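The values are calculated or read from the model by the stated rules, or taken from the named source; none is laboratory data. Since the structure is predicted, the reported quantities are computational estimates derived from the model, not experimental observations. Because the Cβ atoms are built from the backbone with ideal geometry, glycine has one as well, and the counts that use them run over all protein chains shown.
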Amino acid sequence: MRRLTLASAGLLALLPGSAWAADLGADLPMTAPGFDWTGYYAGMQAGYGWGRSDITGNDGGSFSAKPDIDGGFVGGHVAGLWQFDQAVLGAEADLNYASIDGTADAGPANTFGTDVKWFGSVDAKAGYAVDRLLIYGIGGIAFAGIETSQAAGTSYARTRTSTGWTLGAGVDYALTNNVVVGAQYRYYDFGKEHFDASDTFTERDQDVKLQTLGVNFSYKF
């Protein structure tokens, strides 16, 4: 019966010159507009990272060690987004303090280590918005402060800034018009860094790859 009543009202509203049209148009509510993702954002993120370091060298004899690395991170980010219909485009930069490390043995009493002390990136971001839900991909230039270490009777460590690339994907949800929460996965390749014998206990190349899974909180201005 309710459907029949609504259908009848709709037909009457379509009749030319019908007073029903004016009355019905005044009474029916307008569809509420969707969430607008256009704006500037700042916030924090935290999560867990894992990966592997490949350490190889030749200093009077070749050696190889592959420490598995893992640990946590916490940091901050800023972003700018622009929405076109349901497409969302923008840019984001982040910086994280990390404690992601591991060691591996390469012979008796000879231990090699890798420690990602901090990392960040400058990225392009593109996504698809469904009202308050945003599904997106992200990628760009990555950089990190990574330590290489060795303990073989005496200990030695040296930290360098490595540069590489990152790709990932995530989902954000706008709890309010200003508060956004989300989750994100990233893959990082920080490339191969060479350490000379004058800088390290033994000359080596260190190649670090990292994956992260984190949660984020953002405020939209």
Is it true that some residue in region 128-148 is touching a strand residue (DSSP E or B) at 6+ places or on another chain (Cβ under 8 Å), charged (D, E, K, R) and crowded, with 20+ Cβ neighbours inside 10 Å?
no
Can Gly39 be described as surrounded by 15 or more Cβ atoms within 10 Å (Cβ to Cβ), at positive phi and modelled with pLDDT of 50 or more?
yes
Search region 181-201 for residues being among the hydroxyl-bearing types (Ser, Thr, Tyr) and assigned to a strand (DSSP E or B), and hand back the single one that is surrounded by the most Cβ atoms within 10 Å (Cβ to Cβ).
Tyr188
From the option list Thr148, Thr163, single residue qualifying as in the same structural domain as Val78 (by TED's automatic domain parsing), β-branched (Val, Ile, Thr) and at pLDDT below 95 is Thr148
Restricting to region 100-131, and then to whatever is of a type in the set (S, T, N, Q) and assigned to a strand (DSSP E or B), can you tell me which residue is farthest from the chain's Cα centre (by Cα)?
Thr111
For region 162-180 the number of residues that are of a type in the set (Val, Ile, Thr) and surrounded by 13 or more Cβ atoms within 10 Å (Cβ to Cβ) is 4
Filtering region 72-93 for residues that are more than 16 Å from the chain's Cα centre (by Cα) and either of a type in the set (Gly, Ala, Ser) or exposed (fewer than 15 other Cβ atoms within 10 Å of the Cβ) (or both) leaves a count of 5
Restricting to region 81-99, name every residue that is outside any strand (DSSP E or B) and at negative phi.
Gln86
Of all residues making up region 186-204, the number that are within 19 Å of Gly164 (Cβ to Cβ), more than 27 Å from the chain's Cα centre (by Cα) and either among the charged types (D, E, K, R) or outside the structural domain of Glu147 (by TED's automatic domain parsing) (or both):
1
